[in-house]
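Since the structure comes first, as structure tokens, the remarks are kept for the end.
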Amino acid sequence: MVASLKIVHYRRLRSTNTTAYRLAQQSAPEWTVVVADAQTKGRGRGRKKWKSPRGGLWFSILLRPNLPSPKLPSLQFLAAVAARQALENETGLDIKLKWPNDLVLENAKLGGILIESQTLADSISFAILGIGLNINQSKAQLPPEAISLRLVSGKQHDLRLLLRAILDQMRSSYDDLDKPSKIMEDWWRNCVHRPLRVQVTVSKDTVTGVSRAIDEDGSLIIETDDREIRKVCEGSLRILDD
Ligand code: BT5
């Protein structure tokens, strides 16, 4: 049985992840969802900023998965698969996934996922799954390499309806958490760089080669130019044209 949904809506927040994290520390139940029309300090991985004006969908889901902490990435991949499927069902657009945490439309960034957690010993006490999707923004409201649904569909989309569709999809696939190989297969089937030449940068190190697969722990398997198999577990990926 999946617990019932509790959606808390704000007009403006610093970051839905920060608010959801605080609610989690105050013992809010699983499937509490924090949504904001706009964020003033939206964030990505590391110290990166996430541009979040009105018109996008910015939300965070509080979960208490029964998982050892090394398995946390499965949750992020499950969310990406569910969000992609729901958006495709609702819009008919061809939405793809890019390692490690992007949703992609027409080769530009449509959205991203930021997972944060609190762990106790080796298990997860709670996880905050932050999802940001560009929906109705104009070109001027987006960073240069980003895209919104509206820019491609030419239509204004109903944010509530899309949120509901994504949450329903996530809830119905949540039991897949027990089957990480299925999550990763679903993810890889919709991956935009399967199998293309890519470059992954992790701090000062770069790995270049063909992206061959995704491991159960969420790492990307790259076959380098000298035929070596490298496994990368974090970084920023660029698709190479050559
Ligand atoms: C991500 O980070 O892609 C995760 C973004 C998660 C945002 C959600 S919104 C709800 C929740 N609350 C938060 O505060 N965060 C989550 P990363 O892979 O590190 O990508 C960050 C990079 O994406 C930035 O450095 C920019 O280059 C780019 N970027 C910033 N805003 C963007 C936007 N609206 N659309 C596309 N790209 C953007």
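Only the coordinates and a few stated rules stand behind these numbers; no lab work does. Computed from a predicted structure; not experimentally measured. Backbone-built Cβ (ideal geometry, glycine too); neighbour counts: all protein chains shown.
Listing for the model above:
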| read-out | value |
| --- | --- |
| Full-extension gain in nm, Arg14 to Glu216, via 0.36 nm per residue minus C-alpha separation | 69.4 nm |
| Estimated 222 nm signal from helices in the chain, with DSSP H stretches of n ≥ 4 weighted -39500 (n - 2.57), rounded to 500 | -7500 deg cm²/dmol |
| Antiparallel bridge percentage (DSSP; both residues within the chain; nearest 5) | 85 percent |
| ³J(HN,Hα), Karplus 6.51/-1.76/1.60, whole Hz, each residue of the stretch 203-212, x for Gly, Pro | 6, 9, 9, 10, 10, 10, x, 8, 6, 9 |
| In nm, spacing of pseudo-spin labels at Ser172 and Gln141 (7 Å Cα→C-beta vector) | 2.9 nm |
| Quarter of Cα convex hull surface for the stretch 156-209, i.e. mean projection, nm² | 6.5 nm² |
| Cα shape, the stretch 32-129, gyration tensor, a/c 1.5 rule | prolate |
| Amide H partners (placed H, <5 Å) of Lys179, local residues excluded | none |
| Percentage relative contact order, the chain, counting C-alpha pairs under 8 Å, at least six apart | 16 percent |
| In order through the stretch 174-189: 3J(HN,Hα) via Karplus (6.51 cos²θ - 1.76 cosθ + 1.60), integer Hz, x for Gly, Pro | 4, 5, 5, 3, 6, 10, x, 5, 5, 4, 5, 5, 4, 5, 5, 4 |
| Hypothetical label at Gln118: residues of the stretch 21-42 whose amide nitrogen lies under 15 Å (7 Å Cα-Cβ projection) | 21-32 |
| Approximate spin-label separation Ser153-Leu5, in nm, with each point projected 7 Å along Cα-to-Cβ | 1.6 nm |
| The stretch 1-99 - share of DSSP beta bridges that are antiparallel (%, nearest 5) | 45 percent |
| Loop-resident sites, the stretch 89-196, for trypsin sites (Lys or Arg not before Pro), counting at most 10 other Cβ within 10 Å (DSSP) | Lys155 |
| Which listed pairs, of Lys179/Lys231; Lys109/Lys204; Lys6/Lys96, have C-alpha distances above 27 Å, in listed order | Lys6/Lys96 |
| Kirkwood hydrodynamic radius over Cα pairs of the stretch 119-228, then Stokes diffusion coefficient at 37 °C and 0.692 mPa s, in µm²/s | 187 µm²/s |
